[in-house]
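Inspection log for the structure reproduced underneath, given as structure tokens.
The values are calculated or read from the model by the stated rules, or taken from the named source; none is laboratory data. Just so it is clear, the structure is predicted and the values come from calculations on it, not from any experiment. Ideal geometry is used to build each Cβ from the backbone, glycine not excepted, and the neighbour counts take in all protein chains shown. Calculation scope for accessible area: heavy atoms of the full protein, side chains included, ligands and nucleic acids excluded. Shrake-Rupley method; radii C 1.70, N 1.55, O 1.52, S 1.80 Å.
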2 protein chains.
Amino acid sequence: MAVVIKQFGERLALAVEAKLSASCVGIDPHLGRLPGSMAQAASAALEGGDSEQAASIVEEYCLGVVSAVAKHVPAVKPQAAFFEQLGWAGVRALERVVAAAREQGLLVVLDAKRGDIGSTARAYAAMGLSASGSCPSDAMTLSPYLGPESLAPYIDYFGQGAGVFVLVRTSNPGSLLWQAPNEEGIACRVSDWVREQNGPYTDGAGLGPVGAVIGATLREEAASWRARMPRAWFLVPGFGAQGATADDIAPHFREDGLGALITASRSVLYPASGCDGLDWCEQVSHRAEAFAADVRAATPSA
Amino acid sequence: MAVVIKQFGERLALAVEAKLSASCVGIDPHLGRLPGSMAQAASAALEGGDSEQAASIVEEYCLGVVSAVAKHVPAVKPQAAFFEQLGWAGVRALERVVAAAREQGLLVVLDAKRGDIGSTARAYAAMGLSASGSCPSDAMTLSPYLGPESLAPYIDYFGQGAGVFVLVRTSNPGSLLWQAPNEEGIACRVSDWVREQNGPYTDGAGLGPVGAVIGATLREEAASWRARMPRAWFLVPGFGAQGATADDIAPHFREDGLGALITASRSVLYPASGCDGLDWCEQVSHRAEAFAADVRAATPSA
């Protein structure tokens, strides 16, 4: 009997429904903010040129975070930069953290914002989305500057249940200057591509494998992006520590209460900075639970 | 006595003048195209799950390429994706190849096309441009979708002699759709940022540390990009195997014969595919020499 692989949009909908919360914890291991003695040990190792030791500490921390959040949220989003900063040993830690998260039933969005063309794009897609790749994740974030062909190679993995989140409209102060959200600007053109690619996906909740990154604080714009990309999951950074409120994120959802995955990193990870021993795992777990509840409360009910 | 560190624009000008050629060899190790028995051995290792062995073969190949091209060209451009595809062991190979290239006097442009904001962007900048980073290079390629603040953290390393090449206008077929090279489009806005950042750099040849990626086959447009960014080095992919001719690349240069760094990958690396033993190093060396001569011939004389 053939195994039917669900497509990414449906997998994410099911994961969100299982946890009753469209929440995603960003895993951004800043060395200086690790809990207790870890921060000092990791920084000292890196300054002493022992990046393997620094990466080992980061790995231990991130594996603890994964275990602490796994029962509260449906997804995690490791930020590649913080691992790559530690060199090859950091990348090895990232691979292990991604594998551990998936083993614990979390969907993993690899936040790498890659964007290239041709064989280079195919190499990145294989890295992050192929089951036999070096860092097999459920989805990757992508940067679309180079045009539609920079996104096309990832489509090959949709049949295996993988997805992507394409940068469309972010809420950092300078984004408006270059993304220019008018019909002629790159953000609208990219959103058209997202809509077209999701067109065929009518199964599950009618949400396809091509998601869009849409900033959380864009309350005025969110409804229009929602209307432009009705079948796209939005990955929404900026809730909590970065200033977005429940009212800000509400318009990112569809009327059925799906379609937005809200991320938080600092507000979940860093209150643990002051803890030592095993306390920090509990702190992270409590914060993840509270974050998941906040997102649940802010989600329009179907 | 204080050591005066030259800025990147001047360092590149001196390197080009030393080799009498504004040429840069792209190091894109496709497993299947490695010379002789290397291709089969690397692919078999990867398929068997031994990515360390595959990375070891890639490293040997790339170190051979570096040695083969070092006397002919001023710079190399390793493509991060092909190393990252092999996982942490591939990243370790990349770090060693970058270090070897710099030891042999080559300038290294890390082709990673990173683009993020805040602490994430700072982590990428530290990775690629800090002397104490995990992959210290002379310059990195960047993707500007997120706005000016996605580029700002790299400026901190200009004082240490590092530079960047920002994607502005590429020549892949779909680029026109989204980059929209009119005054309102993202490409023109990014080019304005490049021009402004290079404004203060009047030393050396009057070329600053902020370069721009401008496709080689854009012969009609090249002169206008040149006029918009008079102090920017252009990184120009697409010569040779990708179809650009000497006439295509001429307008990317300034009248003084500087300002464009022409890259080629396939045409230098792959003719060696059929060779075995040590022949392939000689093949790559000959091809690099011919490529450098082609660029020399296509460069407007001062």
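Report the label-to-label distance for A:Ser224 and B:Glu282 in nanometres (one decimal), using points 7 Å from each Cα along the Cα→Cβ vector.
Here the answer is 6.5 nm between the modelled labels.
Non-local amide H neighbours of A:Gly26 (under 5 Å, H modeled in plane, Pro and chain starts lacking H): which ones?
Those qualifying (amide H under 5 Å, at least 5 residues apart or on another chain) are A:Lys77, A:Ala264, A:Ser265.
Let me check I've understood the local charge: for A:Ala250, count other residues with C-beta under 14 angstrom from its C-beta, Lys and Arg +1, Asp and Glu -1. What total comes out? Intermediate results must be reported in sequence, preceding the final value.
Numbers: positive: A:Arg219, A:Arg226, A:Arg254, A:Arg296; negative: A:Glu220, A:Glu221, A:Asp247, A:Asp248, A:Glu255, A:Asp256, A:Asp294.
My count for the surroundings of A:Ala250 gives -3.
Which of the residue pairs A:Lys113/B:Lys77; A:Lys113/B:Lys6; A:Lys6/A:Lys71; B:Lys6/B:Lys113; A:Lys6/A:Lys113 have a Cα-Cα distance greater than 28 Å in the structure shown?
Numbers: A:Lys113/B:Lys77 20 Å; A:Lys113/B:Lys6 32 Å; A:Lys6/A:Lys71 22 Å; B:Lys6/B:Lys113 24 Å; A:Lys6/A:Lys113 24 Å.
Over 28 Å apart, Cα to Cα: A:Lys113/B:Lys6.
Ordered by residue, what ³J(HN,Hα) values in Hz, to whole numbers, does region A:89-95 give under the Karplus form 6.51 cos²θ - 1.76 cosθ + 1.60, where θ = phi - 60° and Gly and Pro are x?
Calculated HN-Hα couplings, in order: 5, x, 5, 4, 4, 4, 4 Hz.
How large is ³J(HN,Hα) for each residue in region B:47-57, as worked out from phi by the Karplus curve 6.51 cos²θ - 1.76 cosθ + 1.60 (θ = phi - 60°), to whole Hz, x for Gly and Pro?
Per residue, the Karplus-derived 3J(HN,Hα) values read 5, x, x, 9, 6, 5, 5, 4, 5, 5, 5 Hz.
Round to the nearest 10 and give me the degree value, 0 to 90, for the angle of helix B:186-198's Cα axis relative to the longest principal axis of chain B.
80
Please tell me the relative contact order of region B:11-143 in percent, rounded to the nearest whole number, where contacts are Cα pairs under 8 Å and at least six residues apart.
Values: 214 pairs, mean separation 30.2, N = 133.
Answer for region B:11-143 is 23 percent.
Viscosity 1.567 mPa s, temperature 4 °C: Stokes-Einstein D of region B:207-256 from its Kirkwood Cα radius, in µm² per second? Please list the in-between numbers first.
Details: Rh = 10.9 Å.
D = 119 µm²/s.
If you roll a 1.4 angstrom probe over the protein chains with everything in place, what fraction of the accessible area of region A:163-279 belongs to carbon and sulfur, to the nearest %? Write out the running numbers ahead of the final one.
Details: 2180 of 4180 Å².
The value for region A:163-279 is 52 percent carbon and sulfur by accessible area.
Just report the Cα centroid separation between region A:134-158 and region B:187-261, whole Å.
Cα centres, region A:134-158 to region B:187-261: 28 Å.
Mean-square fluctuation check for chain B, GNM, Cα pairs under 10 Å: which of B:Pro237, B:Pro173, B:Pro148 is largest?
Most flexible of the set in this elastic network: B:Pro173.
Can you tell me which of A:Gly185, A:Gly64, A:Gly87 moves the most in a GNM of chain A? Springs connect C-alpha atoms under 10 Å apart.
Per the Cα network of chain A with a 10 Å cutoff, A:Gly185 tops the list.
Only Cα pairs under 8 Å and at least 6 apart count here; give the relative contact order of region A:126-201 as a rounded whole percent.
Values: 76 pairs, mean separation 16.3, N = 76.
Here the relative contact order equals 21 percent.
Between A:Ile5 and B:Ala99, what FRET efficiency comes out of the Förster formula 1/(1 + (r/R0)^6) with R0 = 51 Å and r the beta carbon distance, rounded to 0.05? If you can, show how the numbers build up before the last one.
Working: r = 42 Å, r/R0 = 0.83.
Calculated value: 0.75.
How many nm is it between the label spots at A:Arg266 and A:Asn182, if each spot is 7 Å from the Cα in line with the beta carbon?
The two pseudo-label positions are separated by 3.3 nm.
Using the charge dipole of chain B (Lys, Arg: +1 at Cβ; Asp, Glu: -1 at Cβ; taken about the Cα centre), state which of B:Cys24, B:Ser67, B:Pro230 has its Cα farthest towards the positive end.
B:Pro230
Quick check: convex hull of the Cα atoms in region A:1-53, volume per residue, rounded to a whole Å³?
172
Divide the volume of the convex hull of the Cα atoms of region B:170-227 by its number of residues and quote the answer in cubic angstrom per residue.
Numbers: hull volume 5.0 nm³, N = 58.
Once divided by residue count, the hull of region B:170-227 is 86 Å³.
Given springs between every Cα pair under 10 Å in a Gaussian network model of chain B, which of B:Ala288, B:Ala22, B:Ala54 has the largest fluctuation?
Result: B:Ala54 has the largest fluctuation of those listed.
Tell me, what is the 1.4 Å probe accessible area of B:Asp247, in Å² to the nearest 10?
Surface accessible to solvent at B:Asp247 totals approximately 100 Å².
May I ask you to derive the FRET efficiency for B:Leu20 and A:Glu149 from their Cβ-Cβ distance with R0 = 35 Å, giving the value to the nearest 0.05? Provide the component values of the computation, followed by the final result.
Details: r = 35 Å, r/R0 = 1.01.
That pair, B:Leu20 with A:Glu149, gives E of 0.50.
Two-decimal Rg/Rh of chain B from alpha-carbon positions, Kirkwood Rh? Walk me through the numbers before you get to the answer.
On the way: Rg = 18.5 Å, Rh = 19.3 Å.
My calculation of the ratio gives 0.96.
Please report, for B:Gly199, the nm distances (one decimal) from its label point, 7 Å out from Cα along the beta-carbon direction, to the equivalent points in the remaining copies, shortest first.
Computed spacing set for this position: 4.5 nm.
With no solvent and one equal point scatterer per Cα, compute the Debye intensity ratio I(q)/I(0) for the protein assembly as shown at 0.06, 0.08, 0.12 Å⁻¹ and report its log10, rounded to two decimals.
-0.30, -0.53, -1.21
How well do other chains shield peptide B:77-85, expressed as the mean number of their Cβ atoms within 10 Å of each residue Cβ? Write out the running numbers ahead of the final one.
Values: counts 0, 0, 4, 6, 11, 5, 5, 13, 12.
Other-chain Cβ atoms within 10 Å of each residue's Cβ, averaged: 6.
Taking a label point 7 Å out from Cα toward Cβ, give me the nm distances from A:Asn182 to the same spot in the other copies, shortest first, one decimal.
For A:Asn182, the inter-copy label distances come out at 0.9 nm.
Quick one: which residues, 5 or more positions from B:Val166 or on another chain, have an amide H under 5 Å from its amide H? H modelled 1.01 Å from N in the peptide plane, none for Pro or chain starts.
It is B:Leu142, B:Gly211, B:Ala212, B:Val213, by chain and number.
Roughly how tilted is helix A:279-298, in degrees to the nearest 10 and between 0 and 90, from the longest Cα axis of chain A?
20
Residues of the protein assembly as shown: accessible area per residue at 1.4 Å, in Å²?
Numbers: 21560 Å² over 604 residues.
Each residue of the protein assembly as shown exposes 36 Å² on average to a 1.4 Å probe.
Going by a ≥ b ≥ c, the root eigenvalues of the Cα gyration tensor, does region B:151-302 fall in the rounded group (a/c under 1.5), the prolate group (a/b larger than b/c) or the oblate group?
On the way: a/c = 1.85, a/b = 1.56, b/c = 1.18.
Verdict is prolate for region B:151-302.
Size of the dipole of the protein assembly as shown about the Cα centre, Lys and Arg at +1 and Asp and Glu at -1 on the beta carbon, nothing else charged, in debye to 20? Please report the intermediate quantities before stating the final value.
Values: 46 positive and 64 negative charges, 98 e Å.
Charge dipole, the protein assembly as shown, about its Cα centre: 480 debye, nearest 20.
Counting protein heavy atoms only and a 1.4 angstrom probe, how many square angstrom of accessible surface do chains A and B bury in total, to the nearest 100?
4300
Using the Karplus equation 6.51 cos²θ - 1.76 cosθ + 1.60 (θ = phi - 60°), what ³J(HN,Hα) coupling, rounded to whole Hz, does each residue of region A:206-217 give in order, writing x for Gly and Pro?
Going residue by residue, I get x, 10, x, x, 9, x, 10, 7, 10, x, 6, 8 Hz, with x marking Gly and Pro.
Can you give the accessible area of A:Lys71, probe radius 1.4 Å, in Å² rounded to 10?
For A:Lys71, the solvent-accessible surface is approximately 150 Å².
Can you show me the helix-derived [θ] at 222 nm for chain A, built from DSSP H runs with n ≥ 4 at -39,500 (n - 2.57) apiece and divided by the number of residues, rounded to the nearest 500. Numbers along the way, then the final one.
Values: 13 runs with 136 residues, N = 302.
Calculated mean residue ellipticity at 222 nm is -13500 deg cm²/dmol.
Give me the log10 of I(q) over I(0) for region A:1-157 at q = 0.09, 0.20 Å⁻¹, as the Debye formula computes it from C-alpha points; what are the numbers?
Cα-only, vacuum Debye calculation for region A:1-157: -0.32, -1.24.
Using a 7 Å offset from Cα along the direction of the beta-carbon, what are the separations from B:Gly32 to the same position in each other copy, nm, ascending?
4.7
Measure out, as a whole number of angstrom, how far apart the alpha-carbon centroids of region B:98-123 and region A:91-128 sit.
Result: 20 Å between the Cα centres.
Put +1 on the Cβ of every Lys and Arg and -1 on every Asp and Glu Cβ in chain B; which of B:Ala212, B:Gln79, B:Ala99 then has its Cα farthest towards the positive end of the dipole?
Among B:Ala212, B:Gln79, B:Ala99, the one farthest towards the positive end of the dipole of chain B is B:Ala212.
Using a 1.4 angstrom probe and counting only protein chains, how large is the accessible area of B:His30 in Å², to 10?
So the heavy atoms of B:His30 present about 40 Å² to solvent.
With charges set only on the Cβ (+1 for Lys and Arg, -1 for Asp and Glu), what does the dipole of chain A come to about its Cα centre, in debye to the nearest 20?
Dipole about the Cα centre, nearest 20: 420 debye.
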